[in-house]
Every structure is written in structure tokens, then in C-alpha cells.
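Comments concern the structure below.
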Amino acid sequence: MQICNEIEKGGYQRTDWDSSIPDRIWNKISVKDFNPKVCELNYPYKDSCFYYAHRQKLLYTCDFIICNQDLLTINLKKRNNEHKQIITKKCEFVVIDEAHNLESKVRNCYTTEINYNSLEKGIEQSRKKERDLSDIIDEKIGEYYESLDQIFADLEKQIQKQDRKAQKDEKKVERYYVNRDIDGLERIINCIHDIYLQVSIQFFRRLIIMSML
């Protein structure tokens, strides 16, 4: 009852109320994954929501905007993927709050994880989907795996080299820098191109046969 009385006084942040709000309650009423379409369709009180109103204003504010680094990096990612942005393109100035971690935030936003297993899974899915081409693409897939092993072996050597240098200088490695001049890289790109070409040819061949039936 005390929490209800405090909430009725008004407020937007957890610190706006004197009473301590338990996590299990706050997690139910606070905004986590904002989706304007979901709010519009399912929440009749969206117009009185502080966060919803501010998100709507961001779409039309053209002078200057104050935002944190998380909101900015999300907007950059949406723009890079050609999705609808959070901040209007007409905004002239953006003031970034807590900008001291901006570099790492932007880097993490644009970082994509690629590992050996995911690359192996992708090529094997192609093989299963196009069983009719197994004789044609098996040779290319073999070249693909040879190049893949070469690339990861080269990356391992680069990491070990940087580790040795850091140990010698008595420093900690914060991030690894990759030299993209790897022998197997161009070869694996050509393999993927050839496999994609063969799969595309087979796909259009099937379409032509189906249209003739």
C-alpha cells in the first residue's frame, strides 16, 4: 500500500520515490525492450508514459538532443542497417551524456562475432540444401575448409605474437589487432563465390524446368 501511495505522487525514475521498490516490482513496470508498435497496440496508457513520450519527441526534434551513449550507438546501428532511426536525421546537435566510454560502446555496437563453428555450420547447410550439387561443390567445400584452417592458424599466430610482445613489455592486452593480409582470405572468398554461383545456377535451372511443366 505504501508503494502504491508513493507511485500516485508521480515520478519517472526509481530514485523519485522515498520508498524502496523491490526489483521484482520494478522489473514489471520499468522499460526494458522498447517497441513503439507493441506499445501502440497493447497499452492504452502509453500517452501518459514518460519514456514513450520522449521517444516520440526524438523523431521530430530538429534543434539539439541530449542522449546517453547507449541510445546513440543503437541509433547508429539502426542507421547502418538502414532501419528506422530513433533520432531524426534533421537534428543539428547531439549532446552525449557519459561520453567517456563512447569509443568502446560504438566498437561493441558494430562488433560481430564469427567463429569456426558458425562458418562450418553455414557451409554445411548449403551442402545439405543442394544435395544435387554435391559432386560439383564438394571440391570447392574442401578448398573452403583448407582455407578456413589456414586463416585460423594465421590468426592464432598473430595473437600469440601480440601476447609475447605484451608479456615482454609487461603490459596487458586490451584488444588484438588483426593484419588482414592473410593468404587464405582471398581464397576462401573465391570459394564462397563459386559455391554461391553454382547454387544460383541450379536454383534458376529448377525454376525454368518448373515453368515448362
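Counting only residues that are touching a residue at least 24 places away in the same chain (Cβ under 8 Å) and not charged (D, E, K, R), which one in the range 179-198 is farthest from Phe152 (Cα to Cα)?
Applying the filter and picking the extreme gives Gln198.
Take the residues in the range 33-68 that are touching a Cys at 6+ places or on another chain (Cβ under 6 Å) and part of a helix (DSSP H, G or I); name whichever of them is farthest from Phe93 (Cα to Cα).
Lys46
Does Arg187 count as farther than 25 Å from Glu103 by Cα and out of contact with any Gly (no Cβ under 9 Å at 6 or more places or on another chain)?
yes
For the range 115-167, enumerate the residues that are at pLDDT 80 or above, closer than 27 Å to Ile201 by Cα and aliphatic (A, V, I, L, M).
The answer is Leu119, Ile123, Ile141, Leu148.
So Val95 fits all but one of (1) under 30 Å from Cys62 (Cβ atoms); (2) touching a helix residue (DSSP H, G or I) at 6+ places or on another chain (Cβ under 8 Å); (3) among the β-branched types (Val, Ile, Thr); what number is the exception?
(2)
So, in the range 85-128, exactly how many residues are β-branched (Val, Ile, Thr) and either assigned by TED's automatic domain parsing to the domain that holds Glu156 or under 19 Å from the mean Cα position of the chain (by Cα) (or both)? Show your work before the answer.
Of all residues in the range 85-128, those β-branched (Val, Ile, Thr) come to 86-88, 94-96, 106, 111-112, 114, 123.
Going one step further and asking which of them are either assigned by TED's automatic domain parsing to the domain that holds Glu156 or under 19 Å from the mean Cα position of the chain (by Cα) (or both), we end up with 86-87, 106, 111-112, 114, 123.
Looking only at that region, the number is 7.
Count, please, the residues in the range 91-123 that happen to be touching a residue at least 12 places away in the same chain (Cβ under 8 Å) and small (Gly, Ala, Ser).
Going through the range 91-123 one residue at a time, the tally reaches 1.
The values are calculated or read from the model by the stated rules, or taken from the named source; none is laboratory data. It should be emphasised that the depicted structure is a prediction, and the values quoted were computed from it without experimental measurement. FYI the Cβ positions are ideal-geometry reconstructions off the backbone, even for glycines, and counts take in every protein chain you see.
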